[in-house]
Amino acid sequence: MAKGLLIIRTLTPTHPGAGASVGAIDLMLQREVTTDFPFIQGSSLKGAVRSYLKNEPNSVLDNVFGPRNVESSDFRKGSLIISDASLLFYPVRTLKGLYALVTCPEILRRLNMPHVKLLPENSKKLLEWNDKEKVLPLGENVENFKIGDRVYFEDLNFGIDSNSIDTSWINELPIENEDKSRIFLVHDDVFQYFVKFATQVMSRNRISYNTGVVETGALWTEEHLPPETYLFSYLKDDEKKVGKIEVKNGEDETEKEVTAFKWLKSKIDSQVIHLGGDETVGKGFVELKVKELSGGNQNV
């Protein structure tokens, strides 16, 4: 059982890169082989979180993430398990309402795996949604997006399924309240189209100090996740105590030995870290939120 979810919200364009490509875009996003959905490798995420926590005691960091000194004879693994980060909600431009956040049944199935089980029991319609011509509003303010009886996302337009559905699970997610009103469910194929062709692509260059023009070979393009993209990762640990955190006991504060999940939550919940490339040009700043899952944290 996963102990919690790490919810990642991009605040600036974010480039978890896959390296150079031979396509039209030089530096592509990391993408799943089977679905072509962008994702963030668990190793990249784990490294970015550890880098943010670099001022914590090395002994605790080694307990949580594993020893960093490759020349050491200490080969134990870290207590913390961080999965790859999957897309949760993806922002798309709208003709009315500024932007919407879309998700799809494939994403919701991942939220409903046996080790997470975030969706309610009556979520069959969500998981089997199969209408390419309509969207299913999961937020309360669909009127903010309607023009006539349709909504317009990017270069596509859709009818609206007006059937009521249980969306209480959205309120359990640590996301912005305003964003909860922007969420729509679309067909898996429609979601795949958006995340393939509605990413943020930027052109970059390097100017020669001597000539004042672009250096030869120094013009390239990068693909980014746009701001307001939401992703999620599963968090788990091996139940071992790794370090101390301060715990309030009435008006007093005491230190308590906790497992890696509890320790990490106390350090990164609601914090902004850097993830991916281009930090010095303002890219890759993300906000982290940690949600504990019921039944997943018996031993703190």
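The values are calculated or read from the model by the stated rules, or taken from the named source; none is laboratory data. If you're wondering where the values come from, they're calculated on a predicted model, not measured in any experiment. No Cβ is skipped: glycine too gets one built from the backbone with ideal geometry, and neighbour counts run over all protein chains shown. When the accessible area is computed, the model is the full protein with side chains, heavy atoms only, and any ligands, DNA or RNA have been set aside. Shrake-Rupley method; radii C 1.70, N 1.55, O 1.52, S 1.80 Å.
Tell me, what HN-Hα J-couplings in whole Hz come from the Karplus equation 6.51 cos²θ - 1.76 cosθ + 1.60 at θ = phi - 60° for each residue of the range 271-281, using x for Gly and Pro?
9, 10, 10, 9, 9, x, x, 6, 4, 6, 10
Using a probe of 1.4 angstrom, how much of the accessible area of the chain is carbon and sulfur, in percent?
Working: 7110 of 15170 Å².
Carbon with sulfur: 47 percent of the solvent-accessible area.
Explain nothing, just the number: relative contact order of the range 63-154, from Cα pairs under 8 Å at least 6 residues apart, as a whole percent. Walk me through the numbers on the way to the answer.
Working: 80 pairs, mean separation 24.6, N = 92.
Result for the range 63-154 is 27 percent.
Which whole-number percentage describes the relative contact order of the chain, with Cα contacts under 8 Å and a sequence gap of 6 or more? The partial results should precede the final answer.
On the way: 606 pairs, mean separation 98.6, N = 300.
Relative contact order for the chain comes out at 33 percent.
For Gly243, which sequence-distant residues (separation of 5 or more, or a different chain) have an amide H within less than 5 Å of its own amide H, given hydrogens modelled in the peptide plane?
Val258
Taking a ≥ b ≥ c as the square roots of the Cα gyration tensor eigenvalues, with a/c under 1.5 meaning rounded and otherwise prolate when a/b beats b/c, else oblate, which class fits the range 172-266?
Verdict is oblate for the range 172-266.
Compute the projected area of the convex hull of the Cα atoms of the range 50-174, averaged over all viewing directions, and report it in nm² to one decimal place. Write down the numbers at each step before the final one.
Details: hull surface 45.5 nm².
Hull-based average projected area comes out at 11.4 nm².
Can you divide the C-alpha Rg of the range 108-203 by 2.2 N^0.38 Å and report the result to two decimal places? Intermediate values should be presented prior to the final figure.
Numbers: Rg = 14.3 Å, N = 96, 2.2 N^0.38 = 12.5 Å.
Computed over Cα atoms of the range 108-203, the ratio equals 1.14.
Applying the Karplus parametrisation 6.51 cos²θ - 1.76 cosθ + 1.60 with θ = phi - 60° to the phi angles of the range 180-193, what ³J(HN,Hα) value in whole Hz is obtained for each residue in order, glycine and proline being reported as x?
For the range 180-193, the Karplus-derived couplings read 4, 7, 9, 8, 9, 9, 10, 4, 3, 5, 5, 4, 4, 4 Hz, x marking Gly and Pro.
Where the only charges are on Cβ atoms (+1 Lys, Arg; -1 Asp, Glu), what is the dipole of the range 169-239 about its Cα centre, to the nearest 20 debye?
Details: 6 positive and 13 negative charges, 102 e Å.
In debye, rounded to 20, the range 169-239 gives about 500.
Counting helices only, and only those DSSP H runs with n ≥ 4, report the 222 nm mean residue ellipticity of the chain as the sum of -39,500 (n - 2.57) divided by its residues, in deg cm²/dmol to the nearest 500.
Details: 8 runs with 57 residues, N = 300.
My calculation for the chain gives -5000 deg cm²/dmol from helical runs alone.
In Å, what Rg and Dmax follow from the Cα atoms of the chain?
Using the Cα atoms of the chain, the pair Rg, Dmax is 21.2, 68 Å.
In Å², and per residue, what accessible area does the chain have when probed at 1.4 Å with the other protein chains present? Intermediate results must be reported in sequence, preceding the final value.
Details: 15170 Å² over 300 residues.
Ligands and nucleic acids excluded, the figure is 51 Å² per residue.
Farthest toward the dipole's positive end in the chain, which of Met113, Phe261, Ala218, given Cβ charges of +1 (Lys, Arg) and -1 (Asp, Glu) about the Cα centre?
Phe261
Amide H of Leu293: which non-local residues (sequence gap of 5 or more, or other chain) have their own amide H closer than 5 Å, using H built in the peptide plane?
Hits under the 5 Å cutoff: Gly4, Leu5.
Using each residue's phi in the range 201-211, evaluate 6.51 cos²θ - 1.76 cosθ + 1.60 at θ = phi - 60° and report the 3J(HN,Hα) Karplus result to the nearest Hz, with x for Gly and Pro.
Listing the rounded values in order: 10, 10, 8, 10, 8, 10, 8, 6, 5, 7, 9 Hz.
Subtracting the Cα-Cα distance from 0.36 nm times the residue separation, let me have the gained length for Ser164 to Val213 in nm, one decimal. Please list the in-between numbers first.
Numbers: separation 49, 0.36 × 49 = 17.64 nm, distance 5.83 nm.
So the chain would gain 11.8 nm between Ser164 and Val213.
Out of Glu106, Glu246, Glu32, any idea which swings most in a Gaussian network model of the chain, alpha carbons joined below 10 Å?
Glu246
Charges only on Cβ, +1 for Lys and Arg, -1 for Asp and Glu: so what's the dipole of the range 118-222 about the Cα centre, in debye to the nearest 20? List each step's numbers first, then the result.
Details: 11 positive and 19 negative charges, 79 e Å.
In debye, rounded to 20, the range 118-222 gives about 380.
Could you list which residues have their amide H under 5 Å from that of Leu88, counting only those 5 or more apart in sequence or on another chain, with H placed in the peptide plane?
Under 5 Å from the amide H of Leu88: Tyr230, Leu231, Phe232.
Could you work out the relative contact order of the range 1-151, using alpha carbon pairs under 8 angstrom and six or more residues apart, expressed as a whole percent?
On the way: 134 pairs, mean separation 24.3, N = 151.
This gives 16 percent for the range 1-151.
First measure r as the distance between the Cβ atoms of Arg93 and Ser266, then evaluate 1/(1 + (r/R0)^6) with R0 = 35 Å and state the FRET efficiency to the nearest 0.05.
Values: r = 38 Å, r/R0 = 1.07.
Calculated value: 0.40.
Need the full-extension length gain, Glu255 to Asp131, defined as separation in residues times 0.36 nm minus the C-alpha distance. One decimal, nm. Please list the in-between numbers first.
Details: separation 124, 0.36 × 124 = 44.64 nm, distance 5.31 nm.
Contour length minus the Cα-Cα distance gives 39.3 nm.
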